[in-house]
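Notes follow once the structure below has been shown.
The values are calculated or read from the model by the stated rules, or taken from the named source; none is laboratory data. The structure displayed is predicted, hence computed values, not measured ones. Methodologically, a virtual Cβ is constructed for each residue, glycine included, from the backbone with ideal geometry; neighbour enumeration extends over all protein chains shown.
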Amino acid sequence: MTHKINHLAIVVPNLDQALHFWRDALGLPLARTEENPEEHVNIAFMEVGTSHIELLEPTEPESGIGKYLDKRGPGMHHVCIEVDDIAAMMNRLLEHGIELINDSPKTRKNDGIQYCFIHPRSTSGVLVELYELPS
């Protein structure tokens with residue numbers, strides 16, 4: 001079973017302003033940007049070695065990310081850990097009494113990545129996302 005940090009996600013009020021720091025000033029390469037209309041968020045992925053910084057800009061104030069930004073302000077949102085078998089990992093976590101937000105993995109339509117979230121109550125206050133990349 002392998003694990004690696006896939007990305008660290010940061011909520012930002014304005015993607016262009018955030019890119020000024022992460023891309024322009026810090027010099028991280030912009031891997032890609034995407035719109036996710038289902039989640040009401042614009043996303044930019046910055047390369048950091050084999051991992052990424054994911055910048056999340058809400059496009060709708062009543063979306064999950066919009067409410068998060070309103071309540072907590074900009075900053076760290078979650079850490080994403082890549083796993084080989086997300087279903088097996090979810091079962092393992094449940095066996096250890098870990099609270100999952102998703103009952104089963106979700107699949108992103110644009111790239112086939114399966115993902116789920118672990119509740120911060122089980123992780124010392126950190127929202128954790130698990131990713132299984134398609135084969």
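Descriptive notes on the structure:
- In a residue-by-residue description of the stretch 41-55, the property of being assigned to a loop (DSSP other than H, G, I, E, B), under 16 Å from residue 7 (Cα atoms) and of a type outside the set (A, V, I, L, M) applies to at least one position.
- Qualifying positions in the stretch 24-40 - over 14 Å from residue 64 (Cα atoms) and part of a strand (DSSP E or B): 30, 31, 32, 33, 34, 35
- For residue 99, the criteria (1) in contact (Cβ under 8 Å) with a residue 40 or more places away in the chain; (2) in contact with a Ser or Thr (Cβ under 9 Å, 6 or more places away or on another chain) hold in every case but one, which is (1).
Yes/no per residue for (1) surrounded by 11 or more Cβ atoms within 10 Å (Cβ to Cβ); (2) modelled with pLDDT under 95; (3) within 19 Å of residue 8 (Cβ to Cβ):
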{"position": "90", "(1), (2), (3)": "yes, no, no"}
{"position": "93", "(1), (2), (3)": "yes, no, no"}
{"position": "112", "(1), (2), (3)": "yes, yes, no"}
{"position": "117", "(1), (2), (3)": "yes, no, yes"}
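- A count restricted to the stretch 64-79 and to residues that are within 15 Å of the chain's Cα centre (by Cα) and over 14 Å from residue 18 (Cβ atoms) stands at 5.
- Cβ-Cβ distances below 9 Å connect no pair with a first residue in the stretch 103-124 that is on the phi > 0 side of the Ramachandran plot, a second residue that is in a helix (DSSP H, G or I) and surrounded by 11 or more Cβ atoms within 10 Å (Cβ to Cβ), and a separation of six or more residues or different chains.
- From 86, 81, residue being of a type in the set (Val, Ile, Thr), surrounded by fewer than 19 Cβ atoms within 10 Å (Cβ to Cβ) and closer than 21 Å to residue 134 by Cα: 81
- The stretch 69-96, residues that are of a type in the set (Gly, Ala, Ser) and in contact with a Ser or Thr (Cβ under 9 Å, 6 or more places away or on another chain): 87
- Among (1) of a type outside the set (Asp, Glu); (2) free of Cβ contacts under 8 Å to residues at least 12 places away in the same chain; (3) assigned to a helix (DSSP H, G or I) - the single one residue 61 does not satisfy: (3)
- Per the conditions (1) at pLDDT below 95; (2) loosely packed, with under 11 Cβ neighbours inside 10 Å, the sole criterion not satisfied by residue 121 is (1).
- Within the stretch 1-23, considering residues that are within 20 Å of residue 67 (Cβ to Cβ) and not in a helix (DSSP H, G or I), the one nearest to the chain's Cα centre (by Cα): 9
- Taking (1) surrounded by fewer than 16 Cβ atoms within 10 Å (Cβ to Cβ); (2) modelled with pLDDT of 95 or more; (3) of a type outside the set (Lys, Arg) in turn, residue 107 satisfies each apart from (2).
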